[in-house]
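Undergrad: One structure coming up, written as structure tokens, with questions to follow.
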Amino acid sequence: MSRTLLLSALTFLLLPGLATARWIDDIVKIDVEATGPVEFSHYNHLDALGKKCTLCHNRVFNIVRSKNPEFTMDDMRKGKACGARHNGKKAFAVDDDCSACHPTHDIVFAVEDGDATFPHSVHTEMYGCADCHTDIFIPDQKKNPRFTMDQMSEGEACGACHDGDTAFSVDDNCDTCHDM
Ligand code: HEC
Ligand code: HEC
Ligand code: HEC
Ligand code: HEC
Ligand code: HEC
């Protein structure tokens, strides 16, 4: 048996659900204005649930995407859409781990003396989205007001935590945040 054949036979034996479901696209991209796109992986789900399309189609999600309404997180908390399983019993609850479904990226603040970078992922490892959104930051640079370092020293924006106690202070460590 050739190496490729052996490999595919092995893949088939080890991952029967996956191997036979390859005819559908893995990733479905769901556009969400407030958070950026959510990428739903068919393969991850079929791997965990078995090759059972009818678990979701068309009871929870119509296969014709235009037939699905736009669900809110509150709908999901009430058991609709992803919340049909992501309820803390059958799978992690939607309130457990926002970043599992809503990936974040680093934010760059344009500053004349040297741009400041906010590394989202460093923070989402320690905090939930709701620790910052929307009380400290609106998740949209256009809607969010700009802050001065003086305001931050008084505890606003990054200064809510970067006060020398919870995290390193904004009164020094300039080059930890800024390109300077
Ligand atoms: C865990 C739930 C789940 C399972 C199981 C599932 N799907 Fe899906 N499927 C989705 C979701 C979510 C969407 C996107 C719905 C939307 O955003 O409108 C989708 C979309 C689709 C689409 C439309 C893709 C597009 O780009 O238009 C097809 C086709 C599809 N699924 C086929 C299948 C088939 C075939 C199976 C079984 C092998 C399957 N699905 C199993 C959740 C699931
Ligand atoms: C299991 C996956 C999943 C998890 C976990 C999740 N979301 Fe979502 N969220 C989605 C999907 C999918 C949509 C888009 C639904 C649609 O358009 O039909 C969405 C939509 C949203 C929206 C826009 C709709 C609305 O409710 O205003 C916001 C804001 C949002 N999510 C925030 C969050 C926050 C904050 C958390 C954590 C508390 C979270 N999400 C956890 C999957 C998830
Ligand atoms: C420690 C605070 C903090 C936490 C925790 C946090 N964020 Fe943010 N987030 C920010 C800041 C700061 C910005 C930038 C605000 C601005 O542009 O003025 C931002 C911006 C965003 C944006 C807009 C991005 C853009 O390109 O405009 C989205 C979407 C977002 N956050 C989603 C999330 C999600 C989802 C989570 C949880 C997984 C999360 N955030 C957790 C601080 C946080
Ligand atoms: C915790 C991260 C952080 C630290 C530490 C920090 N900054 Fe900033 N700084 C920022 C962010 C983020 C902005 C942009 C805020 C906005 O636009 O809303 C900013 C904005 C600025 C601005 C433009 C606004 C203003 O106040 O004039 C200057 C200048 C500046 N920082 C200088 C400094 C200097 C000098 C230090 C060290 C004493 C410093 N920063 C420490 C994150 C930080
Ligand atoms: C909810 C609290 C909180 C807020 C708000 C917050 N941070 Fe942080 N940040 C932390 C903590 C805690 C650490 C890690 C502890 C430390 O390094 O002192 C950290 C670490 C960092 C680091 C170091 C990352 C690394 O690689 O070690 C940077 C850079 C940073 N924050 C920038 C920012 C900027 C810029 C803002 C505002 C846009 C901000 N943070 C807002 C709590 C916060």
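Each value in this text was obtained by applying a stated rule to the coordinates, not by laboratory testing. This structure is a prediction, so every number in the text was calculated from the model and none was measured. Here the Cβ is made from the backbone with ideal geometry for all residues, glycine too, and neighbour counts use every protein chain on show.
Undergrad: Between the range 87-148 and the range 56-77, what is the C-alpha centre distance in whole Å?
TA: 25 Å
Undergrad: What does the convex hull of the Cα atoms of the chain come to per residue, in Å³, rounded to a whole number?
TA: 188 Å³
Undergrad: Sticking with this structure for a sec: Please name which of 50, 162, 109 has its Cα lying farthest along the dipole of the chain towards the positive end, using unit charges on Cβ (Lys, Arg +1; Asp, Glu -1) and the Cα centre as origin.
TA: It is 50, whose Cα lies furthest towards the positive end.
Undergrad: Quick one: of 29/143; 51/80; 89/142; 52/89; 29/142; 90/143, which pairs are farther than 31 Å apart, Cα to Cα?
TA: Those over the limit are 89/142; 90/143.
Undergrad: Also: Can you work out the FRET efficiency for the pair residue 166 and residue 84, with r the C-beta to C-beta distance and R0 = 45 Å, to the nearest 0.05?
TA: 0.75
Undergrad: Could you check the simple spin-label distance between residue 175 and residue 49, using points 7 Å along Cα→Cβ, in nm with one decimal?
TA: Between residue 175 and residue 49, the simple spin-label model gives 5.2 nm.
Undergrad: Where does helix 3-14 land angle-wise versus the long Cα axis of the chain, in degrees 0 to 90, nearest 10?
TA: 90 degrees
Undergrad: Identify unpaired cysteines across the chain, taking unpaired to mean no other cysteine Cβ lies under 4.7 Å from the residue's Cβ.
TA: Those would be 53, 56, 82, 101, 132, 158, 161, 174, 177, since no other cysteine Cβ in the chain comes under 4.7 Å of theirs.
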